[in-house]
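Visitor: What follows is a single structure, and I will ask about it in a moment.
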Amino acid sequence: MCRIAVFMGSASDEELVRPCLEVLEQLHIPYFVTVTSAHRTPERTEELMRGLEEKGAQIFICAAGMAAHLAGAVAARTLKPVIGIPLAASPLGGMDALLSTVQMPPGFPVATVALDKAGARNAAWLAAQILALSDAEIAERFAAARRDMQTAVLRAAEKIEQAYGPQWNKD
Ligand code: RP5
């Protein structure tokens, strides 16, 4: 079974998309990932979508740079949630992809996350939150991961405070 379909517009996007896959693996969420382009292979994109929806895909995550049409093109063809990751892949530094991904017309939303690796990670976290609404195991793994992140912040705070001392009551 495949809960999440991850599309990237080009193999050149792989490095920026990998953190998304790492989070999905951390949460044990089954996914299918491939390269498909809204512009270069529109028919393949549509065929893939159909096949993956039949195999149980519930959410599409689409990453693309430049005139990033992939997430919007997928949103146009499904009732399922679509999460878009804009990538900085041109001299415009990702503003092109960000606006192309986020500015969807009413009724065809693309939940647009931040650019590049940070966005890739949050795409997976957001997809996990959506699945967690009806999947108690994913909800528990998500909650545990959040607790780990909070523990990491507290440990870091302790280390920094120990290194620099209590500044506010030195007088
Ligand atoms: C987009 O164009 C892709 O998502 C990629 O970010 C960008 C450049 O693609 P390549 O020319 O490297 O294949 O469609």
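Visitor: Over the range 1-67, give the accessible area per residue in Å² for a 1.4 Å probe, as an integer.
Guide: Working: 3280 Å² over 67 residues.
Here the per-residue accessible area is 49 Å².
Visitor: Follow-up question, since we're still on this one. Using +1 on the beta carbon of Lys and Arg, -1 on that of Asp and Glu, and nothing else charged, what's the dipole of the chain about the Cα centre, debye to 20?
Guide: So the magnitude is around 120 debye.
Visitor: From the helices alone, meaning DSSP H stretches of at least four residues, give me the mean residue ellipticity at 222 nm for the chain, per-run term -39500 (n - 2.57), in deg cm²/dmol to the nearest 500.
Guide: Numbers: 6 runs with 86 residues, N = 171.
Helix-only estimate at 222 nm: -16500 deg cm²/dmol.
Visitor: Let me ask something else about it. Note the direction-averaged projected area, equal to a quarter of the hull surface, for the Cα convex hull of the range 47-122, in nm². Show your work: numbers first, answer last.
Guide: Numbers: hull surface 19.3 nm².
In nm², the orientation-averaged hull projection of the range 47-122 is 4.8.
Visitor: Send over the semi-axes of the chain's equivalent ellipsoid, whole angstrom and largest first, taken as the square roots of 5 times the C-alpha gyration tensor eigenvalues.
Guide: On the way: eigenvalues 225, 84, 34 Å².
Output for the chain: semi-axes of 34, 20, 13 Å.
Visitor: I've got another one for you. Can you list which of the trypsin sites (Lys or Arg not before Pro) found in the range 1-64 are DSSP loop residues with at most 11 other C-beta atoms within 10 Å? Provide the component values of the computation, followed by the final result.
Guide: Values: sites: Arg3, Arg40, Arg44, Arg50, Lys55; in loops: Arg3, Arg40, Lys55.
Sparse-neighbourhood loop trypsin sites (Lys or Arg not before Pro): Arg40.
Visitor: Contact order normalised by length for the range 1-159, with contacts defined as Cα pairs under 8 Å and 6 or more residues apart; what percent is it? Before the final figure, lay out the partial values.
Guide: Working: 287 pairs, mean separation 37.2, N = 159.
The value is 23 percent.
Visitor: So, one more: Towards the positive end of the charge dipole of the chain, with charges on Cβ (+1 Lys, Arg; -1 Asp, Glu), say which of Ala89, Ala11, Leu52 has the farthest Cα.
Guide: Leu52
Visitor: So for the range 1-77, averaging the separation of alpha carbon pairs under 8 Å that are six or more residues apart and normalising by length, what relative contact order in percent results? Mind showing how you got there, number by number?
Guide: Values: 106 pairs, mean separation 35.6, N = 77.
Rounded, it is 46 percent for the range 1-77.
The values are calculated or read from the model by the stated rules, or taken from the named source; none is laboratory data. Quantities reported herein were computed from a predicted structural model and do not represent experimental measurements. Methodologically, a virtual Cβ is constructed for each residue, glycine included, from the backbone with ideal geometry; neighbour enumeration extends over all protein chains shown. These area figures cover heavy atoms from the full protein model, side chains too; ligands, DNA and RNA do not enter into them. Shrake-Rupley method; radii C 1.70, N 1.55, O 1.52, S 1.80 Å.
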